[in-house]
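Report on the following structure.
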Amino acid sequence: MTDHATDIALFRYSLVRALLDESLTKAERGRIVRALSEVSHAGPGGTFVRVSRPTLDRWVRMLRKGGFEALKPEARHANPRTPKETLELAERLRRERPERTAAHICELIRTVSGWAPDERTIQRHFVRTGLSRRETRPKVAFGRFEAERANELWTGDALHGPVIGGRKTYLFAFIDDYSRALTGYRFGYAEDTVRLEAALRRGIERRGIPQTAYLDNGSAMISRQLLRALAVLGTKLTHSAPGRPEGRGKIERVFGTVRSQFLVEVTAATVSTLAELNERFDAWVESIYHRRVHSETKEAPIERFLAGGPPELPSAELLAEAFLWAEQRIVAKTGTVNLFGNRYEVDPALVGRRVELVFDAFDLSRVEVRFEGRSMGEAVAHVTRRHSHPRAVEDPTPPAEPSGIDYLGLLTARHHKELEQRIAYLEFPEGAFVDGDQVVVRGPAAWDLASDQPIEDSTIEEEGR
């Protein structure tokens with residue numbers, strides 16, 4: 001109980017320690033309190049809890065008045081009211097059949113003696129005596145799994161990021177199970193489907209289409225929009241069972257690296273906008289994480305990913321279709337439909353019909369109408385109050401002037417310089433590429449623009465060709 005009280009005090013202290021800074025203004029302290037109260041936090045025991053603003057204020061007062069010890073909960077002193085014989089009977093029933101629940105054991109005791117304690121009393125007694133179902137459940141050994149090739153399996157998850165511009169950020173990321181390469185990633189201001197799809201789409205544009213996507217059961221990862229996108233791409237979507245996170249260890253390990261090597265360098269002085277955060281994370285991933293030899297595979301993630309050759313990238317048309325959003329509406333008698341406060345005119349023949357409106361979440365100026373799987377043309381905007389999906393709006397704050405030593409800034413500059421100097425010939429199957437005074441031609445489909453004739457693989461050092 002002493003250790004548990006200390007864990008609770010440490011959790012409380014981790015939330016309110018930033019509020020003790022005397023240099024904070026009242027407005028700044030209020031913004032931090034609001035940000036803390038709007039998200040869930042991993043509390044003692046691994047359960048996620050939300051803390052209200054009055055509670056945070058009360059903890060601050062307790063800490064200032066009594067120090068760290070004041071944050072510990074008061075010990076409970078209660079005399080047991082359940083007879084010892086009843087608790088012993090409950091123990092015998094649990095040992096006899098470990099699969100019996102506390103509720104069922106209470107019912108058995110009530111049948112035998114005519115009275116039984118509350119179910120929670122029996123549960124707490126089992127925890128104290130080591131007879132909880134978690135403790136008595138047979139231990140299952142899980143074998144190690146690894147995909148056999150790149151893009152066979154992507155695992156996705158979200159990581160709580162830093163506060164940028166006074167707002168909480170979240171990192172959506174996908175890792176290739178075979179190579180451990182981070183394929184798609186993006187920081188956003190919300191933990192929703194829009195930001196998840198933005199990270200996924202960026203990964204598919206650069207690394208190809210995964211055969212399977214493995215996600216948890218968060219609201220953003222079970223949405224109908226995400227299911228539609230993966231169905232169009234031909235990607236199988238699987239979810240981890242609730243309470244059974246097996247198979248997610250690789251991405252959790254990567255998130256640990258992100259915390260200890262990237263987020264530790266993110267401060268208000270070095271990163272002030274969401275765009276800057278994403279730019280610097282991209283530089284860190286491509287310059288540091290992808291090039292460092294992985295302790296398990298003994299290869300750099302990007303080298304292992306590209307060992308089998310450049311991935312096949314999807315067409316722009318397929319990507320555009322996959323990441324369109326769809327909403328169903330019934331056409332009104334006036335031949336119009338409403339979508340997020342906007343009113344659109346559609347074909348009058350669809351009056352009273354249920355139609356599907358297909359659109360880009362970031363551009364509501366173009367909305368396609370489909371009926372029974374057939375395109376019925378574009379809807380004509382009649383009243384436009386919103387130009388994008390309500391959840392597709394980012395609101396970055398103006399950048400602050402950076403100062404001091406900026407590790408991530410130096411890393412980003414180095415990454416940009418390398419991109420300007422390095423031409424990845426192997427990522428292009430054919431064509432001609434300019435490299436200084438040379439023109440490198442690869443593949444039988446390369447053509448001489450002057451003579452309009454095909455050229456064999458060669459290096460032409462003649463200027464002007």
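FYI, it's all coordinate maths here, none of it is from the lab. In this text the structure is predicted, and so the values were computed from the model without any measurement. Quick reminder, even Gly has a Cβ in these numbers, built from the backbone with ideal geometry, and neighbours come from all protein chains shown.
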Checklist outcome for this item: Within the under-12-Å Cβ sphere about Ala326, not counting Ala326, Lys/Arg +1 and Asp/Glu -1 give a net charge of -1
Checklist outcome for this item: Filtering GluC sites (Glu not before Pro) in the range 1-110 by DSSP loop and by at most 12 other Cβ atoms within 10 Å leaves Glu22, Glu38, Glu74, Glu99
Checklist outcome for this item: Label model pair Leu350, Asn338: point-to-point distance (7 angstrom along the Cα→beta-carbon line) in nm is 1.8
Next on the checklist: As a quick test, which of the pairs Lys298/Lys417; Lys168/Lys298; Lys236/Lys298; Lys26/Lys72; Lys26/Lys250 have an alpha carbon distance above 31 angstrom in this structure?
Outcome noted: Lys168/Lys298; Lys26/Lys250
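In the range 200-295, which trypsin sites (Lys or Arg not before Pro) fall in coil by DSSP and have 14 or fewer other Cβ atoms within 10 Å? Display every interim value, and only then the final one.
Values: sites: Arg201, Arg202, Arg206, Arg207, Arg224, Arg228, Lys236, Arg248, Lys250, Arg253, Arg259, Arg280, Arg291, Arg292; in loops: Arg248, Arg292.
The qualifying sites are Arg292.
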Item to check | Asp363-Glu152 pseudo-label distance in nm [points 7 Å out on the Cα-to-Cβ vector] | outcome: 3.8
Next on the checklist: If each residue of separation counts as 0.36 nm, what is the full-extension length gain between His41 and Leu227 once their alpha-carbon separation is subtracted?
Outcome noted: 64.2 nm
